[in-house]
Each structure stands twice: as structure tokens, then as C-alpha cells.
Ligand SMILES: [Zn+2]
């Protein structure tokens with residue numbers, strides 16, 4: 001049994017942004033990186049305790065290089081850096097599952113902490129086949145295209161609910177009660193870590209029953225930009241984006257892999 005723990009930073013306990021900015025401009029960034037490390041470590045230890053033979057921790061927030069690697073359980077392998085040929089570096093179809101730690105809700109979510117889809121500065125929303133999606137659904141589909149299911153997600157309560165909606169039957173941990181872009185009542189970081197360690201273990205015996213998440217293909221990918229000139233540039237570039245309205249572009253993809 002082999003797993004990937006994909007790690008973002010916005011969804012960990014006691015992480016919020018600062019007014020007008022993302023987590024990257026927050027005074028909280030260093031704590032968020034440490035807490036993401038602890039939560040990733042808890043997920044990995046839980047997976048090993050439940051019988052995993054390999055766990056790859058993938059550090060994927062904002063150009064990677066966020067985690068304190070020497071504080072991760074030493075049985076982990078670590079995927080770091082950018083410009084891999086595909087998301088989930090090191091994973092192939094022999095893996096049993098992927099887990100999301102520190103993930104956040106999609107754009108257009110009411111009162112979720114730093115909810116966005118890849119870039120809060122650039123996009124209003126993303127839709128696949130007419131349905132609004134965020135990073136969990138897109139990454140879930142990237143894993144699903146290689147036959148690997150999502151088995152676990154930790155995030156704020158809004159992100160955890162989004163995960164259960166896209167991936168029915170998975171275990172989730174809500175690290176904090178989100179009350180706005182930069183507002184949360186968080187679980188104590190140590191309690192969040194303990195819950196992740198305990199809860200992820202429950203998902204391992206069920207991996208055989210969880211289906212890989214996929215969209216029907218070919219898929220229609222639609223992006224509503226925040227800036228009108230960004231939509232214009234996309235529609236006049238070589239990417240094959242067709243203009244739907246002044247702010248929105250759309251293209252057809254053979255698979256989610258083609259987007260990256
Ligand atoms: Zn992030």
C-alpha cells in the first residue's frame with residue numbers, strides 16, 4: 001500500500017491570511033508552514049500505522065518549499081519543487097490513495113478561509129462540465145485519471161464539506177471553523193494533529209471501496225477571470241481558449257492532465 005499526502009498551507013489549524021492578502025503575505029505564514037509540516041507528518045504516521053509501505057509527502061503550496069522536511073517522519077519520501085511532468089510526482093497507478101492536508105475551499109465559497117482555485121488574484125471561478133470546482137476536485141481528478149482515489153481530506157469546515165461532496169465516503173478532519181476570508185475559530189493545532197493521525201487510519205481499510213474521482217471526458221473547462229484583459233489575452237493566445245463573455249473563457253480538454 002502506497003499513498004501520497006498532498007500538502008497545501010491555507011487549510012491547516014490556526015492559519016488565516018492578513019487583510020487584503022493571502023497566506024503568503026500573512027504574519028501567520030511561518031506558523032502555517034510549521035503546522036502544515038505537523039499535519040502532513042500526522043497523516044503520514046497514521047498511514048504507516050495502518051499498514052502503508054510508502055508515503056510520499058508532496059509539498060505543493062505556492063511554488064513548494066514550505067515544509068520543514070527534517071521534522072517529517074523519516075519513513076516519508078518527499079516531493080518538493082516545481083515543474084514536474086504531472087501533479088502527484090512519484091505516483092503511478094500502483095498507489096492505493098491520495099490524501100489532502102491543509103487544502104482549502106474553492107472560489108465562491110461563503111465564509112471559507114482564503115478560498116480560491118489556484119490563484120485568488122486571477123480567477124473568479126473554474127468550472128468543469130458546468131460544475132464549479134476547486135483544487136480538491138481538480139487534483140482528485142488528476143489522481144483519478146491514474147486510477148487512484150482520494151481517501152482523506154483535512155481543511156477548514158467549508159473545505160471538508162466540499163471534499164465530502166466530491167468524494168463521497170471519505171474521512172475528513174475540519175481543522176477550524178471558518179468565518180471569513182481571514183477569520184476562523186480554530187481547533188488547537190495539537191488537537192488537529194491528533195485528529196488527523198487518528199482519522200486517516202480509519203480510511204485505509206476502506207481504500208478498496210473508494211472509487212477514483214473522474215470527470216466525463218472530453219471535458220469542458222471554463223475559467224472566469226477577475227481581469228477582463230486576462231480573459232482577452234487567454235482567448236487570443238495559443239491555448240485554444242474560446243471567449244464565452246468578456247471575463248470568461250472555455251476550452252475542451254481530452255483529460256484533466258492536459259490542463260497542466
Ligand atoms: Zn496554497
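Points to keep in mind about this one:
- Computed on segment 1-101, with alpha-carbon pairs under 8 angstrom and 6+ residues apart, the relative contact order is 40 percent.
- When each of the peptides 152-160, 4-12 is scored by how many other beta carbons lie within 10 Å of its residues on average, the order from highest to lowest is 4-12, 152-160.
- The relative contact order of segment 80-209 comes to 24 percent, based on Cα pairs under 8 Å that sit 6 or more residues apart.
- DSSP assigns beta bridges within the chain; of those with both partners inside it, close to 50 percent run antiparallel.
- One way to sum up the overall shape of segment 20-89 is the equivalent ellipsoid from its Cα gyration tensor, whose semi-axes run 23, 16, 9 Å, largest first.
- Semi-axis lengths, Å, the chain, gyration tensor of Cα atoms, sqrt of 5 times eigenvalues: 28, 22, 16
- Legend: Rg and Dmax of segment 83-185, from Cα coordinates, 13.6, 40 Å.
- For the peptides 170-181, 217-228, 79-90, the ranking by mean Cβ contacts within 10 Å, running from highest to lowest, is 170-181, 217-228, 79-90.
- For the chain, averaging the sequence separation of C-alpha pairs within contact (under 8 Å, six or more residues apart) and dividing by the residue count gives a relative contact order of 21 percent.
- Between segment 237-260 and segment 45-74, the alpha-carbon center distance in angstrom: 33
- In segment 1-125, one over the average inverse separation of all distinct C-alpha pairs is 15.0 Å, which is the Kirkwood hydrodynamic radius.
- Beta bridges per DSSP with both ends in segment 135-248, % antiparallel, nearest 5: 55
The numbers here are math on the coordinates, done by the rules we state, and not lab data. The shown structure was predicted, so the numbers you read here are calculated from the model rather than taken from an experiment. Heads up, the Cβs are rebuilt from the backbone with ideal geometry, glycines too, and the neighbour counts pull from every protein chain shown.
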